[in-house]
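Working notes, structure below.
The values are calculated or read from the model by the stated rules, or taken from the named source; none is laboratory data. As the structure is a computational prediction, the values presented were derived from the model and not from experiment. Cβ placement follows ideal geometry from the backbone for every residue including glycine, while neighbour counts extend to all protein chains displayed.
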Amino acid sequence: MIDAEMHVMEPVDLWNRYIDPEFKARAPRRLNERRWDIRTIVEGEVMAAMPGGDWPALSDVEEKTLGDRYAEEIARDFDPESQVQAMNKEGLDLAILFPTSAMYVTAFETMDARFAAATCRAYNDWLHDYIEAADPKRLFGAAAVSPHDVTSAVTETRRAVTQLGMKAIFLRPNIFNNRPWHDRYYDPLWSVCQELNVPVGFHETTGSRMRAAGADRFKQLGIVHIASHSVEQMLACMDIIMGGVMERFPRLRFAFLEAQCGWLPFWLHRMDEHHEWREPYGEMTHLPMLPSEYFRRQGFCAVECDEEFVKHVVDSFGDDNLVTTTDYPHGDSKYPKAMDRFLTLPLSDASKKKILWDNVLKLYAL
């Protein structure tokens, strides 16, 4: 079994140790005031907490629950060995590692591009060392790159893949600097990913300073989380397909992670309907195929381990574009029984094999 999107819990001093000396005074820092704490200070603001929200980012009850669930990992400070032990508990053979705190280091709509790039380089260097200390035959990294400057993003993607051995790049689905993802500004980034044969993994997180679905009307993090993860991924998926990115880069794979998959058939069908509606008016000349055909060719979506609705997704769209994840070590993870729960889903053994293994090999070119 392969976890298509397992997370790390970065040490509190990661950026202090790894960031370029020029930016050391501004280094991000994960807080550790509680046993389990993902709050991260970036440019003086506490991320993973809603600005002006009337709910704390982590209640006492939630902290105790997560502190008990991850007691062994917390005792080891989420060190490399704890990552391997977590994989063994879940029965995982391989895992692709995505960030926790590093999801926030680029999480301002506009920010100092050089600083954002430096935070990503530091994280990638640390992740390389972390994997080497854990088990580089079982663990692979998704490199963080900053969308704030595409030239530095291209440079870091090439370095992370060719020098650090990363198997993907990680981006948030939100809009940076008022540019949609289909803006030609990003074409150099898509081009280098296609050249290096690494996918783009989109992953949302709640409590940053980005425009995010739900954050404009709710201040409770637990409520915004309902909308932000799935709706932002739906918008990014539409952006990438309808904006012609998949048409321009036909070998580049995209993964829309930790957002459930129940929306996929409906959303692709809606795009197909609008393609058919607008095509006679000359609005679809940039898309010679139906949107759903592009997704079948290049897209992947993550199934939650307890998402029983996946049966309807497979019935209506098939099982060639689905992967799954434990979401370790986050609050809504079902760890340490996530894979046990996945195996009880109403799917055939053939579909489970594809989702747990075959499709992940294709996505990450393992």
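Remarks
- Considered as a group, the residues in the stretch 158-170 that are small (Gly, Ala, Ser) and not in a helix (DSSP H, G or I) include one that is surrounded by the fewest Cβ atoms within 10 Å (Cβ to Cβ), and that residue is Gly165.
- Single residue of Arg270, Arg341, Arg278, Arg296 found to be more than 23 Å from Ile241 (Cα to Cα), free of Cβ contacts under 8 Å to residues at least 40 places away in the same chain and surrounded by fewer than 20 Cβ atoms within 10 Å (Cβ to Cβ): Arg341
- Residue ID - nearest to the chain's Cα centre (by Cα), chosen from residues in the stretch 215-225 that are outside any helix (DSSP H, G or I) and modelled with pLDDT of 85 or more: Ala215
- Yes/no for Asp315 being out of contact with any Cys (no Cβ under 6 Å at 6 or more places or on another chain), of a type in the set (D, E, K, R), without any contact (Cβ under 8 Å) to a residue 60 or more places away in the chain and surrounded by 13 or more Cβ atoms within 10 Å (Cβ to Cβ): no
- The residue list Phe108, Phe115 contains one member that is within 20 Å of Arg209 (Cα to Cα) and touching a strand residue (DSSP E or B) at 6+ places or on another chain (Cβ under 7 Å), which is Phe108.
For (1) touching a helix residue (DSSP H, G or I) at 6+ places or on another chain (Cβ under 9 Å); (2) surrounded by fewer than 20 Cβ atoms within 10 Å (Cβ to Cβ), each residue gets a yes or a no:
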{"site": "Glu63", "(1), (2)": "no, yes"}
{"site": "Ala71", "(1), (2)": "no, yes"}
{"site": "Val84", "(1), (2)": "yes, yes"}
{"site": "Gly91", "(1), (2)": "yes, yes"}
{"site": "Phe98", "(1), (2)": "no, no"}
{"site": "Ala107", "(1), (2)": "no, no"}
{"site": "Phe115", "(1), (2)": "yes, no"}
{"site": "Arg121", "(1), (2)": "yes, no"}
{"site": "Ala142", "(1), (2)": "yes, no"}
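- Candidates Ser208, Ser228 - the one that is over 27 Å from Phe342 (Cβ atoms) and either modelled with pLDDT under 95 or of a type in the set (A, V, I, L, M, F, W, C) (or both): Ser208
- Residue pairs whose Cβ atoms lie under 6 Å apart, separated by 6 or more positions or on different chains, with the first residue in the stretch 201-212 and closer than 10 Å to Gln233 by Cα and the second of a type in the set (Asp, Glu) and at pLDDT 90 or above, are His203/Glu258; Glu204/Glu232.
- Hey, Met6 in a loop (DSSP other than H, G, I, E, B), of a type outside the set (Gly, Ala, Ser) and within 29 Å of Thr324 (Cα to Cα) or not: no
- With a requirement of 1 or more residues that are within 22 Å of the chain's Cα centre (by Cα) and under 25 Å from Val231 (Cα atoms), the helices (runs of 4 or more DSSP H) lying completely within the stretch 259-366 that satisfy it span 264-278, 291-298, 310-317, 338-343, 359-364.
- Residues that are under 19 Å from Leu363 (Cβ atoms) and surrounded by fewer than 18 Cβ atoms within 10 Å (Cβ to Cβ), drawn from the stretch 237-264: Pro250, Arg251
- Scanning the stretch 75-98 for residues that are assigned to a loop (DSSP other than H, G, I, E, B) and either under 14 Å from Asp3 (Cα atoms) or touching a Pro at 6+ places or on another chain (Cβ under 8 Å) (or both) gives Asp77, Phe78, Gly91, Leu92, Asp93.
- Any hit, the stretch 334-356, residues being β-branched (Val, Ile, Thr) and touching a Ser or Thr at 6+ places or on another chain (Cβ under 9 Å): yes
- Answer residue from the stretch 18-48, given it is surrounded by 19 or more Cβ atoms within 10 Å (Cβ to Cβ) and in a loop (DSSP other than H, G, I, E, B) and is modelled with the lowest pLDDT among those: Ala48
- Verdict on Pro173 being under 18 Å from the mean Cα position of the chain (by Cα), surrounded by fewer than 21 Cβ atoms within 10 Å (Cβ to Cβ) and closer than 13 Å to Asp239 by Cβ: no
- Of the set (1) touching a residue at least 60 places away in the same chain (Cβ under 8 Å); (2) surrounded by fewer than 22 Cβ atoms within 10 Å (Cβ to Cβ), all apply to Thr155 but (1).
- Selection count where residues are β-branched (Val, Ile, Thr) and out of contact with any helix residue (DSSP H, G or I) (no Cβ under 9 Å at 6 or more places or on another chain), scope the stretch 202-255: 4
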